[in-house]
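The values are calculated or read from the model by the stated rules, or taken from the named source; none is laboratory data. Note that the structure is predicted; figures quoted are calculated from it, not measured. Cβ: placed from backbone, ideal geometry, glycine included. Neighbour counts: every protein chain shown. Just so you know, the surface numbers come from the protein's heavy atoms only, side chains and all, with ligands and any DNA or RNA stripped out. Shrake-Rupley method; radii C 1.70, N 1.55, O 1.52, S 1.80 Å.
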Amino acid sequence: MSIYEVSHLINGKLVKAGARKLDIYNPATGAVIGQVGVADNKTVDQAVAAAKAAFVTWSTTTAIQRAKIIFRFKALLDKNIEDLAKIVTREHGKTLSEAKGSILRGIDVVDYTCGIPNHLKSSYADNVATGVDCYSLYQPLGVCAGITPFNFPAMIPLWMFPMAIACGNTFILKPSEKDPSCAMRLVELAKEAGVPDGVVNVVHGDKETVDAILAHPDINAISFVGSSNVAEYVHKSGTANNKRVQAFGGAKNHCIVMPDADIDEAAVALAASAYGCAGERCMAISVAVAIGDDVANKLVEKLTSEAKKIKIGAGDLADIEMGPLITPQHFERVQSYISLGKKEGAMLVVDGSQYKHKDAPNGFFMGACLFDYVKPSMRIYREEIFGPILCVVRVNDFDAALQLINSHEYANGTAIFTRDGYAARTFAEKIHVGMVGINVPIPVPVAYQSFGGWKRSIFSDIGMYGNEGVRFYTKLKTITQRWSQGEHRWPF
């Protein structure tokens, strides 16, 4: 099988990769199917120069004109969603239904962005003093950059660059080097929709490319999604170079199961959240917090049943519920937590670590895993695993569950399953987490709200998409004006 090469896209043209290249895998077979080049400083300079030149004209294009282009882009996304899902599945491994679902969540944000003329409307106050008026403008920042993770190669780029360019900025997209092809196709569709050359550019690579973006003096803002350690590095480095930065990090999302909850319903939802996308998502529930041993015993029994019946296989096959992990390196990392959890004293109730697919023995497949009697001191509890491993922690009461969650360094998402309205309201009020679900296991906000966690799950004061996205990609200018009577030129 021939190996394809993914090029950079700068000023509307494909730019060949340099000497250093990285492998792209098909996770379902384990085979290397492509290579992507690493953009060095020179290549990043070239992309930024194109974006800077394009900004001169694009920033003065009316918001209505930009919105019309975004409308056409959304229509092309809708038309091409099946092909985009296939690209995601080929390089990432998630099932076609998961891929399509994630793209739809990205399209939702593009849909919101189509209303940019309304989102950019400013305030006007006349006669704030005698003959004095005051009004505000939301103006673009300039050249912006986005660094996106492997787990959502369509959705997260769609959370970034459409909003950025709709606000009048130009953009440098650095997708994950593990699955870069979908980002290329998205930008090709944007060009087809009428986005001028240079407005959106794509460069590929690893830390070398990221560092070049962080240091570049002509990049004004950076949006990042990835692990917390890297997010902190991006935030510190970017802000030290006088850039506006939003950096979203990792998670360890808890779900409380109350004694009054429907255990069957909660277990089905928990299994879908923990094992969907093979656990490779920052909004996955990875810790189930059971209130009391009776709840825990019933929950573990039901979760065991759910975990064992998950259909595992290549994501492009019908009826598959969980695909492979993305690379051999990530597969080995997730596997290591199984032996670690047993060594730390947790009970491995369901062990999917030895799963082998009969038709694809070299694929990076791993079955669902379930640990019980997990303690807060254990690394499998403290660290983000990013794989199909669910931990059950037993606590005595609701207050202990709140304290457990609020003590964790990550605070991206959380949930509670209960029939008690007061317990749910108290949970929503007192939990120190950015996104909260009540009988909803994956509380990702809709496009006209905004996305963002707390603590080490975010290094920024501004969330992503919705009103927060408009705030991030614009700067506020306020004008106070007076026109004295003596300066008029009447009669004309």
Over segment 323-482, with neighbouring protein chains present, the accessible area per residue in Å² at probe 1.4 Å is 46 Å²
Taking r as the C-beta separation of Lys430 and Lys343 and R0 as 41 Å, the FRET efficiency to the nearest 0.05 is 0.75
With every protein chain in place, the accessible area of Thr61 for a 1.4 Å probe, in Å² rounded to the nearest 10, comes to 30 Å²
Residue separation between Glu301 and Asp399 times 0.36 nm, minus their alpha-carbon distance, gives in nm 32.8 nm
PRE zone check, label point 7 Å out along Cα-to-Cβ of Asp40, amide N under 11 Å, scope segment 1-34, hits 18-20
Applying the gyration tensor rule to the Cα atoms of the chain (axes a ≥ b ≥ c; rounded if a/c under 1.5, else prolate if a/b exceeds b/c, else oblate), the class is oblate
Toy charge model, Lys and Arg Cβ at +1, Asp and Glu Cβ at -1: the chain dipole around Cα centroid in debye, rounded to 20, equals 1060 debye
For segment 434-479, the accessible surface attributable to carbon and sulfur atoms (probe 1.4 angstrom, ligands and nucleic acids excluded) amounts in percent to 55 percent
With 0.36 nm assigned to each residue of separation and the Cα-Cα distance removed, Ser122 to Asp294 gains 56.3 nm
For segment 97-181, dividing by residue count, accessible area per residue (probe 1.4 Å) in Å² works out to 29 Å²
Quick calc: nm separation of the 7 Å Cα→Cβ label points for Lys477 and Trp454 -> 3.7 nm
Yeah, segment 320-454 with a ≥ b ≥ c from its alpha-carbon gyration tensor (a/c under 1.5 is rounded, else prolate when a/b outruns b/c, oblate otherwise) is prolate
Under the rule rounded for a/c under 1.5, else prolate if a/b exceeds b/c, else oblate, using alpha carbon gyration tensor axes a ≥ b ≥ c, segment 229-382 is classed as oblate
Once normalised by the length of the chain, the mean sequence separation of its alpha carbon contacts under 8 Å that are 6 or more apart gives a contact order in percent of 18 percent
Expressed as a percent, the accessible surface of segment 317-405 that is carbon or sulfur, using a 1.4 Å probe and the full set of protein chains, is 50 percent
Expressed in square angstrom to the nearest 10, the accessible area of Ser450 with a 1.4 Å probe stands at 40 Å²
One finds, for Ala75 and Asp319 with R0 = 45 angstrom and r their Cβ-Cβ distance, a FRET efficiency to the nearest 0.05 of 0.90
Relative contact order of segment 1-88 (C-alpha contacts under 8 Å, at least 6 apart) in percent is 23 percent
With label points set 7 Å from each Cα along the Cα-to-Cβ direction at Asn439 and Ser97, the distance between them in nm comes to 2.3 nm
Once Glu82 and Val268 are pulled to full extension, the length gained, defined as 0.36 nm per residue separation minus their Cα-Cα distance, is 64.2 nm
Listed by chain and number, the residues whose amide H is under 5 Å from that of Phe171, excluding neighbours fewer than 5 places away on the same chain and using placed H, are Cys144, Val200, Asn201
Here the FRET efficiency for Ala31 versus Lys308, based on Cβ atoms and R0 = 41 Å and rounded to 0.05, is 0.90
Of all stretches in the chain that avoid GluC sites (Glu not before Pro) placed in a DSSP loop and having at most 16 other Cβ atoms within 10 Å, the longest is 1-382
